[in-house]
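First up is the structure itself, then whatever we jot down about it.
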There are 2 protein chains.
Amino acid sequence: MSNVATNFTQRTINYDQLLGDFKVLLKKNNLKFTIQREVILETLYNSDEHLAPESLHHLLQDKFPELKIGIATVYRTLSLLEDSDMVTSLSFGAQGKKYELGAKNHHDHLICTSCGTITEFVDEEIEERQHNIADELGFTMQDHSMQIYGICKNCK
Amino acid sequence: MSNVATNFTQRTINYDQLLGDFKVLLKKNNLKFTIQREVILETLYNSDEHLAPESLHHLLQDKFPELKIGIATVYRTLSLLEDSDMVTSLSFGAQGKKYELGAKNHHDHLICTSCGTITEFVDEEIEERQHNIADELGFTMQDHSMQIYGICKNCK
DNA sequence: ATAATAGCGATAATAATTCTCAAAAGAAGA
DNA sequence: TCTTCTTTTGAGAATTATTATCGCTATTAT
């Protein structure tokens, strides 16, 4: 029963912790903690979607119209977060790049090539094997990602 | 000794077979077999690199200057090949999308975040586990890809 | 509160990708 | 091989995605 792939979305840290980490990171690099950066982090945290820069921008305009957040700020902040390894970007097939918060539990992706749905899962056996492979090849592993493409239950 | 990650690039089919498959595919879809399509397929076959559309275009201009292949044709052909599952596209981190021939043996990627080098490997244990996971989740697996990010030997 | 500095939005600039169209090339049949 | 029909091509325009610039504003440290 263990070692069975499980299908879930789970956070390892709560928002306050995440925000704290972000503030530390900013301070370390002489960067400022701005409202824009905060709401972008918050929006990413509250989204279970994998967001493209543009969709994130729309979300932000809907939720915080008074801030009039510009698209450039979205790109800038996503780059900042990605450089700091707080978010990771993914690009599947034809669709463009999408971002997701890295602070969630690590997970891999199951992508339905018919309806486009992305299901997340974690499998300990694979996680472990990845570490071993990196070691064997003299690689210091920082991160990894895996995607399985196919047809989901519903589409069959 | 088995189950050890190995680092290689190996083709499962030779060029004539590949070309044959391509011709069949084209005929099936009422598409024409053109010189441009042939040299693009050939160039992808002969490259061990993961090619961005632009680098592919440069390669083609170098190797077949008389054809004056346009960038639009490169994009068109890559899309065609991707739609037909003959090539797959990858996008790692900041760099844009790159294409590789899918007819090579399946392999995963080890990406050095310092120098950008991409090493390919295959691990049977992971391959098998991926199939199991897809089954467990009621998914019909068509393909998969995996990336491990880290620092390679040389960069350490 | 002030001064110093980084960040912001708007938008211009650039890069990446797709579209348009007239000319050229491939396929099929006579 | 010649003709006809259809698809593809290259060139460049158009669109989309991303990044850079800049004067003004907000944040931080003092």
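The values are calculated or read from the model by the stated rules, or taken from the named source; none is laboratory data. Just so it is clear, the model here is predicted, and its values are computed rather than measured. Neighbour counts run over all protein chains shown; Cβ positions are idealised from the backbone, glycine included. Only protein heavy atoms, including side chains, enter the accessible area calculation; ligands, DNA and RNA are left aside. Shrake-Rupley method; radii C 1.70, N 1.55, O 1.52, S 1.80 Å.
Side notes on the structure shown:
- Residues of segment A:37-79 that are away from chain B (no Cβ under 14 Å), within 9 Å of DNA strand D (Cβ to nearest atom) and over 21 Å from A:Leu19 (Cβ atoms): A:Glu54, A:Gly70, A:Ile71, A:Ala72.
- For segment B:38-75, residues that are more than 8 Å from DNA strand C (Cβ to nearest atom), at negative phi and open to solvent by 70 Å² or more (accessible area, probe 1.4 Å) total 9.
- Residues that are at pLDDT below 85 and within 25 Å of A:Asp143 (Cα to Cα) are absent from segment B:68-87 altogether.
- Residue-level check: of (1) under 13 Å from the mean Cα position of the chain (by Cα); (2) modelled with pLDDT of 80 or more; (3) open to solvent by less than 10 Å² (accessible area, probe 1.4 Å), B:Gln130 misses just (1).
- In segment A:31-57, the residues that are modelled with pLDDT of 95 or more and over 17 Å from A:Leu101 (Cβ atoms): A:Leu31, A:Lys32, A:Phe33, A:Thr34, A:Ile35
- Selection count, segment B:133-146, where residues are in a helix (DSSP H, G or I) and open to solvent by 40 Å² or more (accessible area, probe 1.4 Å): 2
- Segment A:95-110, subset open to solvent by 10 Å² or more (accessible area, probe 1.4 Å) and either closer than 19 Å to B:Arg129 by Cα or not in a strand (DSSP E or B) (or both), residue modelled with the highest pLDDT: A:His107
- Selected residue (criterion: farthest from DNA strand C (Cβ to nearest atom)) from residues of segment A:24-37 that are assigned to a helix (DSSP H, G or I) and surrounded by fewer than 14 Cβ atoms within 10 Å (Cβ to Cβ): A:Val24
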